[in-house]
Amino acid sequence: MRLNIGLGFAIIVLAFPILESVGIYQVWQAIGAWTLAWLALTILLGWGLLLHVQKGWALQILGALQSGASPWHALTAVGLRFIAGLLFIIPGPVSDAIGLVLFLASFVFPAPALRSHAGWGGVGGEVEGERDAAPGVIDGEWRRVDDPLLAPDFTRNREPSDSVK
């Protein structure tokens, strides 16, 4: 007999509040009235985390793009922190434990090796034939053109604008 995926999801969604209630009761039995402080603290922590993620997600992705790293890693870390904040807002030890794991995973998530700005090369980030250069130096080729017919002269046939007269 095959279990319907929708039915399994519905059972999990309906069992979660019951599991959280039993968990809160168990914590209350263990630490008493400190349970209320713990619940209030985790709700405030979740709210603060959501505000932090709301204000900083674009900067983290932009920073990853400017450094040459993949924006998907920054987006994944921001997404993990957002889900962790939502789970901290839900009162209960189960959601707090899952939220804590996701929050810590957002910092441990491995950042990829920096890629080259020149061409987003292969595995190591290097482009074939790329030379080592100092940061901020653009490597290229140029040639000098001494023929006056090839060099444009922008001063010829130009009259001063009305503001200069």
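General observations
- Heavy atoms of residue 18: accessible area, 1.4 Å probe, square angstrom to 10: 110 Å²
- Surface exposure of the range 1-98, expressed per residue as accessible area with a 1.4 Å probe, stands at 67 Å².
- Residue 21 paired with residue 101, simple spin-label distance in nm, labels 7 Å along Cα-to-beta-carbon: 2.4 nm
- In the range 1-95, the portion of solvent-accessible area held by carbon and sulfur atoms comes to 79 percent [1.4 Å probe, whole percent, DNA, RNA and ligands not counted].
The values are calculated or read from the model by the stated rules, or taken from the named source; none is laboratory data. Please read these numbers as outputs of a predicted model, since none were measured by experiment. Reconstructed Cβ throughout: ideal geometry from the backbone, glycine too, with neighbour counts over all protein chains shown. Heavy atoms of the whole protein, side chains included, go into the accessibility calculation; ligands, DNA and RNA do not. Shrake-Rupley method; radii C 1.70, N 1.55, O 1.52, S 1.80 Å.
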